[in-house]
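Visitor: Before I ask anything, here is the structure I am working with.
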Amino acid sequence: MDSKTHWEKIYADKAPNQVSWYRPHLETSLALIELSASDRSSSIIDVGGGESTLVDDLLARGYVNVTVLDISQTAIDANRKHLGKETSERVHWIAGDVTQVTLPPSAYDVWHDRAVFHFLTAPADRAAYVRQVARAVKRGGHVIVSVFGPQGPLKCSGLEIVRYDAESLHKEFGAQFHLLGSSFEQHSTPFGTVQQFIYCRFRAD
């Protein structure tokens, strides 16, 4: 089963609050985005944000240039329905694989990814992802990536993942990205378990 088919099935079979990474509000992500982009006209892309509530909260905080990218059209359709027609039309939606989709060059002030990068177990896919970031993020823009930390799960949604600390994640991105900071978060899943995430914030130099 390819990645797109896998994720379409996940989102077709489960409600948004029935997946392990669900949070009612992504407080840490929101704080890091606001730290990175105080200007509400900043261009923000949320990678893997198909059914996330992050887009709701960004719009509520006054951000007017938000893009949501997800491999699953099912997830995007569900989020658009949740937001309603008028609100969803204020968002730019992209259905595609982040390692392959064509994104506009130097388009984004902030790149946000919570729980996508750790699914890229093949070095070639990780390299393709980093090339996308380097091309799509403006020079001086910010990159926020959250993945499972060293004590995080070894699998998620039936797939193998790669765990990281700040040093190993920075190594994947390379010297063209300056690590501004990192923090751990203990995420409580809807099933009563706890997962360790690490958040890293980079500047694209």
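Visitor: What residue, of LEU35, LEU58, LEU69, LEU30, is in contact with a helix residue (DSSP H, G or I) (Cβ under 6 Å, 6 or more places away or on another chain) and closer than 22 Å to PHE202 by Cβ? Lay out the reasoning, then the answer.
Guide: Details: LEU35 fails: in contact with a helix residue (DSSP H, G or I) (Cβ under 6 Å, 6 or more places away or on another chain); LEU58 fails: in contact with a helix residue (DSSP H, G or I) (Cβ under 6 Å, 6 or more places away or on another chain); LEU69 fails: in contact with a helix residue (DSSP H, G or I) (Cβ under 6 Å, 6 or more places away or on another chain).
Going through LEU35, LEU58, LEU69, LEU30 in turn, the sole match is LEU30.
Visitor: Quick one: count up the residues across region 127-176 that are of a type in the set (A, V, I, L, M, F, W, C), within 22 Å of VAL110 (Cβ to Cβ) and part of a loop (DSSP other than H, G, I, E, B).
Guide: Total satisfying the criteria: 1.
Visitor: Would you mind stating whether ASP57 is closer than 21 Å to VAL98 by Cβ, among the acidic types (Asp, Glu) and touching a residue at least 24 places away in the same chain (Cβ under 8 Å)? So that I can check it myself, show each step before the final result.
Guide: Working: closer than 21 Å to VAL98 by Cβ: no; among the acidic types (Asp, Glu): yes; touching a residue at least 24 places away in the same chain (Cβ under 8 Å): yes.
Here the answer is no, as ASP57 does not meet what is asked.
Visitor: Just to be sure, is ASP109 within 17 Å of SER146 (Cβ to Cβ) and either touching a Cys at 6+ places or on another chain (Cβ under 9 Å) or charged (D, E, K, R) (or both)? Talk me through it step by step, then tell me what you get.
Guide: Details: within 17 Å of SER146 (Cβ to Cβ): no; either touching a Cys at 6+ places or on another chain (Cβ under 9 Å) or charged (D, E, K, R) (or both): yes.
Here the answer is no, as ASP109 does not meet what is asked.
Visitor: Output the number of residues of region 75-112 satisfying the condition of being hydroxyl-bearing (Ser, Thr, Tyr) and either free of Cβ contacts under 8 Å to residues at least 24 places away in the same chain or crowded, with 19+ Cβ neighbours inside 10 Å (or both). It would help to see each step written out before you state the result.
Guide: First pass over region 75-112, keeping only residues hydroxyl-bearing (Ser, Thr, Tyr): 87-88, 99, 102, 106, 108.
Checking which are either free of Cβ contacts under 8 Å to residues at least 24 places away in the same chain or crowded, with 19+ Cβ neighbours inside 10 Å (or both) leaves us with 88, 99, 102, 108.
Total satisfying the criteria: 4.
Visitor: Out of curiosity, is TYR164 in contact with a Cys (Cβ under 9 Å, 6 or more places away or on another chain), in contact (Cβ under 8 Å) with a residue 24 or more places away in the chain, hydroxyl-bearing (Ser, Thr, Tyr) and farther than 14 Å from THR28 by Cβ? Working first, answer last.
Guide: On the way: in contact with a Cys (Cβ under 9 Å, 6 or more places away or on another chain): yes; in contact (Cβ under 8 Å) with a residue 24 or more places away in the chain: yes; hydroxyl-bearing (Ser, Thr, Tyr): yes; farther than 14 Å from THR28 by Cβ: yes.
For TYR164, the condition - in contact with a Cys (Cβ under 9 Å, 6 or more places away or on another chain), in contact (Cβ under 8 Å) with a residue 24 or more places away in the chain, hydroxyl-bearing (Ser, Thr, Tyr) and farther than 14 Å from THR28 by Cβ - is met.
Visitor: While we're looking at this one, here's another question. Do you know which residues across region 1-49 are basic (Lys, Arg) and at pLDDT below 95?
Guide: LYS4, LYS9, LYS14, ARG23
Visitor: Something else now. Between a first residue in region 120-140 that is modelled with pLDDT of 95 or more and a second residue that is of a type in the set (D, E, K, R), which pairs have beta carbons less than 6 Å apart while being 6 or more apart in sequence or on different chains?
Guide: Listed by first residue and then by second, the contacts come to LEU120/ARG126; THR121/GLU160; ARG126/GLU172; LYS138/ASP109.
Visitor: Scan region 8-29 and report the pairs whose first residue is without any contact (Cβ under 8 Å) to a residue 40 or more places away in the chain and whose second residue is in a helix (DSSP H, G or I) and among the charged types (D, E, K, R), with Cβ atoms within less than 8 Å and a gap of 6+ or a chain change.
Guide: Every condition considered, the pairs that remain are HIS25/ASP57.
Visitor: Now a separate question. Step by step: first the residues of region 68-126, then only those that are of a type in the set (D, E, K, R) and not in a helix (DSSP H, G or I), then the one that is nearest to CYS156 (Cα to Cα). Which residue is that?
Guide: The first filter runs over region 68-126 and keeps only residues of a type in the set (D, E, K, R), leaving 70, 77, 80-81, 85-86, 89-90, 97, 109, 113-114, 125-126.
The next check asks that each one be not in a helix (DSSP H, G or I); those that pass are 70, 89-90, 97, 109, 113-114.
Working: ASP70: 17, GLU89: 32, ARG90: 32, ASP97: 18, ASP109: 29, ASP113: 16, ARG114: 13 Å.
For region 68-126, the residue satisfying everything is ARG114.
The values are calculated or read from the model by the stated rules, or taken from the named source; none is laboratory data. Only a predicted model underlies this, so the values are computations on that prediction, with no experimental measurement involved. Neighbour counts run over all protein chains shown; Cβ positions are idealised from the backbone, glycine included.
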